[in-house]
Each structure stands twice: as C-alpha cells, then as structure tokens.
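Participant: Provided herewith is a single structure, encoded as structure tokens, for subsequent inquiry.
Coordinate-derived values only; no laboratory data. Note that the coordinates shown come from a computational prediction; the quantities given were computed from them, not determined experimentally. No Cβ is skipped: glycine too gets one built from the backbone with ideal geometry, and neighbour counts run over all protein chains shown.
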Amino acid sequence: MEDEKIVALYFSRSESAISETENKYGGLCFEISNRIVNSRPDAEECVSDSYLSVWNAIPPTKPLSFRGFLLGIVRNISLMRLRRLTAQKRSRDLEVSFEELGEILPDSVLPENTGEKELGELLDGFLRKLPEDQRNIFLRKYWFFDSVEEISRRFGFSESKVKTSLHRTRERLRAYLSERGFRL
C-alpha cells in the first residue's frame with residue numbers, strides 16, 4: 001500500500017492503519033530497533049510503542065515522508081529504551097558510534113536563533129552534499145548502527161576504507177558545524 005494511503009487511514013482513525021504500517025515496514029522497524037537495543041523482546045516492544053506513537057501523532061501531523069517519520073520514531077523510542085538498559089546489554093558498536101558522534105556534535109549551547117529543527121536541517125544539508133558512498137557509509141554507521149564489518153560487506157569496501165571514510169566525514173561535519181557557529 002502506498003504511504004499516502006496509509007497516512008489517510010491514520011487520518012480517518014482506521015485501525016487498519018497500524019496493520020498496513022506493520023505489513024509494509026514491520027521488518028525494517030524491527031531491524032533498526034534490534035540493532036539499538038540488541039534484544040528481540042525489547043525491540044518488539046519498541047516497535048509496538050512506535051506504532052502507538054504514530055497513531056497519536058497522525059493527525060494532526062501530516063509527515064512529508066511517512067517512512068522517515070516512522071523510522072525516526074522507532075529510532076528515538078529504541079534509544080530511550082537503551083538508556084534504561086544496563087551497560088552490559090549495550091552493543092559495543094553502538095557505544096563506539098555514540099562516542100564518535102559525541103566528539104563532533106554540538107553541546108547543549110546552540111548559536112543564537114538556532115533550534116533543534118535548524119540543526120537537523122543543517123545536518124540534512126551536510127549529508128546531501130556528500131558523495132553517495134560516503135553518505136551511505138555514514139548513515140549505515142550512525143543511523144542504522146551497523147558495524148564497520150557489516151558496512152564493508154554491504155558495499156564491498158575494505159574495512160580500512162570504511163574507517164577512513166567515517167573519520168573524514170566526521171572531520172568534515174565538525175568543520176561544517178563549527179563554521180556555522182556551533183560550539184563543539
């Protein structure tokens with residue numbers, strides 16, 4: 001079913017909206033959540049919670065990209081769940097991803113007249129300007145939390161190339177944000 005039709009089901013408050021969402025995106029939602037929480041039961045619960053959040057958000061929200069909207073909710077709910085889990089249950093790849101990004105993302109002090117929405121738009125702009133292979137590597141590591149080995153296999157690159165690409169992209173992002181007044 002087309003995303004626009006699924007969104008229309010949410011707007012009409014049809015319970016089939018959730019089953020259509022599950023049919024089309026359930027596997028992807030689970031994959032993303034499971035990579036974050038590293039637990040099948042927790043991932044299943046996060047996905048269920050995500051469907052409820054989407055139900056509560058649509059309407060009034062009418063997302064431009066239903067897929068992106070849904071996956072963002074799944075990711076955020078999974079990250080909140082992860083924070084509640086013990087450190088022993090965390091994936092080492094996930095911890096490394098957070099550490100690497102923590103070194104370049106701005107602290108809580110944003111430049112004047114800049115909110116989280118503007119920061120998100122800057123990050124989107126930065127990613128759009130990257131060559132496709134660098135963007136894909138970056139997103140697989142920091143959005144989907146793939147390991148370097150998994151990224152290497154997925155794109156047919158050496159692990160060294162993936163690590164180098166990630167390092168260079170983080171450095172470019174640091175400079176990009178710094179030039180725009182973000183305190184890093």
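Participant: Quick one: 3J(HN,Hα) in Hz for the range 145-155, Karplus 6.51/-1.76/1.60 with θ = phi - 60°, rounded, Gly and Pro as x.
Facilitator: Computed from phi, the couplings for the range 145-155 are 6, 5, 6, 4, 4, 5, 5, 4, 5, 4, 9 Hz.
Participant: Starting from the Cα-Cα distance between SER19 and ARG135, subtract it from 0.36 nm times their residue separation and give me the gain in nm to one decimal.
Facilitator: On the way: separation 116, 0.36 × 116 = 41.76 nm, distance 3.20 nm.
38.6 nm is the gain from fully extending SER19 to ARG135.
Participant: Related question: Tell me, what is the FRET efficiency for ALA57 and ARG168 to the nearest 0.05, using R0 = 30 angstrom and their Cβ-Cβ distance as r?
Facilitator: Values: r = 36 Å, r/R0 = 1.22.
It comes out at approximately 0.25.
Participant: Say each of SER39 and ARG84 gets a label point 7 Å from the Cα, pointing the same way as Cα to Cβ; how far apart are those two points in nm?
Facilitator: Taking the simple label geometry, SER39 and ARG84 are separated by 1.0 nm.
Participant: Ranked highest first by the average count of other Cβ atoms within 10 Å around their residues, in what order do 35-48, 55-68, 18-31 fall?
Facilitator: Values: 35-48: 19.1, 55-68: 12.9, 18-31: 16.7.
Those peptides, ordered most packed to least, come out 35-48, 18-31, 55-68.
Participant: Here is a further query. If you average the C-alpha positions of the range 129-153 and of the range 66-85 separately, how far apart do those two centres end up, in angstrom?
Facilitator: 19
Participant: Each label point is 7 Å from the Cα along the Cα-to-Cβ direction; what then is the distance between the points at PHE11 and GLU149, in nm?
Facilitator: With each label point 7 Å from Cα toward Cβ, the separation is 4.7 nm.
Participant: When each pair of different Cα atoms in the range 3-86 is counted once in the 1/r mean, what is the Kirkwood radius in angstroms, to one decimal?
Facilitator: Details: mean 1/r = 0.0788 Å⁻¹.
Across the range 3-86, the inverse of the average 1/r is 12.7 Å.
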